[in-house]
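Before any comments, here is the structure.
The values are calculated or read from the model by the stated rules, or taken from the named source; none is laboratory data. The shown structure was predicted, so the numbers you read here are calculated from the model rather than taken from an experiment. Please note: Cβ atoms are built from the backbone with ideal geometry, for glycine as well, and neighbour counts cover all protein chains shown. Just the protein is used for accessible areas: all its heavy atoms, side chains included, with ligands, DNA and RNA removed. Shrake-Rupley method; radii C 1.70, N 1.55, O 1.52, S 1.80 Å.
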Amino acid sequence: MKKIIAFAGSSSKNSINKQLVTYAGSQFENVVCEILDLNEYEMPIYSADREIESGVPQLAIDFFEKLGSADLILISMAEHNGAYSAAFKNIFDWTSRHNNKLFQQKPMLLMATSPGPRGGLSVLELAKDRFPRHDANVVATFSLPSFRDNFDPAIGITNAALKIELQTIVKGIVF
């Protein structure tokens, strides 16, 4: 059976991006979808000095291996001031020090959402540009604007056009 590794680029316990990525993962048929929690990969803030003193933390290696176990990676990026959350950026920094090809050419559905009408487009564009330099194979992107207006935790995406857009993306991903 195919395996999806999914996570939100957020450490918030009530992350709207975690809700979106969990929902997106549930739209795939005949797969095992494992949802990661970035809180389980919390490490000291990356610095070159810390890396020289202590090496790359085992959690970064574990994160890399977890991504390597996937047939498909789903990420929904949280947008903090137009960029990655500090929690995600730190994991990204440490893991890329273990292996710069951290996404290992795995097919990836890259998403973002936010409470605002842009739906995390700034961070989505940033990640779409950056991740291929770390061996990501971004096969599709999806932005969900105005999360609270277009998503219900009990039923998922409530906006018909956006729901169809994500369903079309999911059906088109071959992995």
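Consider Ile73 carefully, then state whether it is open to solvent by 20 Å² or more (accessible area, probe 1.4 Å) and within 14 Å of the chain's Cα centre (by Cα).
Numbers: open to solvent by 20 Å² or more (accessible area, probe 1.4 Å): no; within 14 Å of the chain's Cα centre (by Cα): yes.
Against the criterion (open to solvent by 20 Å² or more (accessible area, probe 1.4 Å) and within 14 Å of the chain's Cα centre (by Cα)), Ile73 does not qualify.
Please state which one of Ile35, Ile52, Ile61, Ile45 is in contact with a His (Cβ under 7 Å, 6 or more places away or on another chain) and either surrounded by fewer than 21 Cβ atoms within 10 Å (Cβ to Cβ) or of a type in the set (D, E, K, R) (or both).
On the way: Ile35 fails: in contact with a His (Cβ under 7 Å, 6 or more places away or on another chain); Ile52 fails: in contact with a His (Cβ under 7 Å, 6 or more places away or on another chain); Ile45 fails: in contact with a His (Cβ under 7 Å, 6 or more places away or on another chain).
Of Ile35, Ile52, Ile61, Ile45, the one residue that is in contact with a His (Cβ under 7 Å, 6 or more places away or on another chain) and either surrounded by fewer than 21 Cβ atoms within 10 Å (Cβ to Cβ) or of a type in the set (D, E, K, R) (or both) is Ile61.
Quick one: is Lys66 under 30 Å from Asp152 (Cα atoms) and charged (D, E, K, R)?
Considered against the rule, which asks whether it is under 30 Å from Asp152 (Cα atoms) and charged (D, E, K, R), Lys66 comes out as yes.
Given the structure, is Glu40 part of a helix (DSSP H, G or I), surrounded by fewer than 16 Cβ atoms within 10 Å (Cβ to Cβ) and either at positive phi or at pLDDT 95 or above (or both)?
The answer is yes for Glu40.
Given the structure, is Ile5 of a type in the set (Val, Ile, Thr), over 24 Å from Thr158 (Cα atoms), touching a residue at least 12 places away in the same chain (Cβ under 8 Å) and surrounded by 19 or more Cβ atoms within 10 Å (Cβ to Cβ)?
Working: of a type in the set (Val, Ile, Thr): yes; over 24 Å from Thr158 (Cα atoms): yes; touching a residue at least 12 places away in the same chain (Cβ under 8 Å): yes; surrounded by 19 or more Cβ atoms within 10 Å (Cβ to Cβ): yes.
Answer is yes for this residue.
In region 116-166, what count of residues is obtained for those that are more than 22 Å from Leu67 (Cβ to Cβ), of a type outside the set (Gly, Ala, Ser) and loosely packed, with under 13 Cβ neighbours inside 10 Å?
8
Which residues, taken from region 10-37, are among the hydroxyl-bearing types (Ser, Thr, Tyr) and either over 25 Å from Thr158 (Cβ atoms) or assigned to a helix (DSSP H, G or I) (or both)? Steps first, answer last, please.
Keep residues of region 10-37 that are among the hydroxyl-bearing types (Ser, Thr, Tyr), which gives 10-12, 15, 22-23, 26.
Selection gives Ser11, Thr22, Tyr23, Ser26.
Anything in region 98-115 that is more than 24 Å from Lys163 (Cβ to Cβ) and surrounded by fewer than 16 Cβ atoms within 10 Å (Cβ to Cβ)? List them, or say none. Spell out the reasoning first.
Let us first name the residues in region 98-115 that are more than 24 Å from Lys163 (Cβ to Cβ), namely 98-106.
Correct list: Asn100, Lys101, Gln105.
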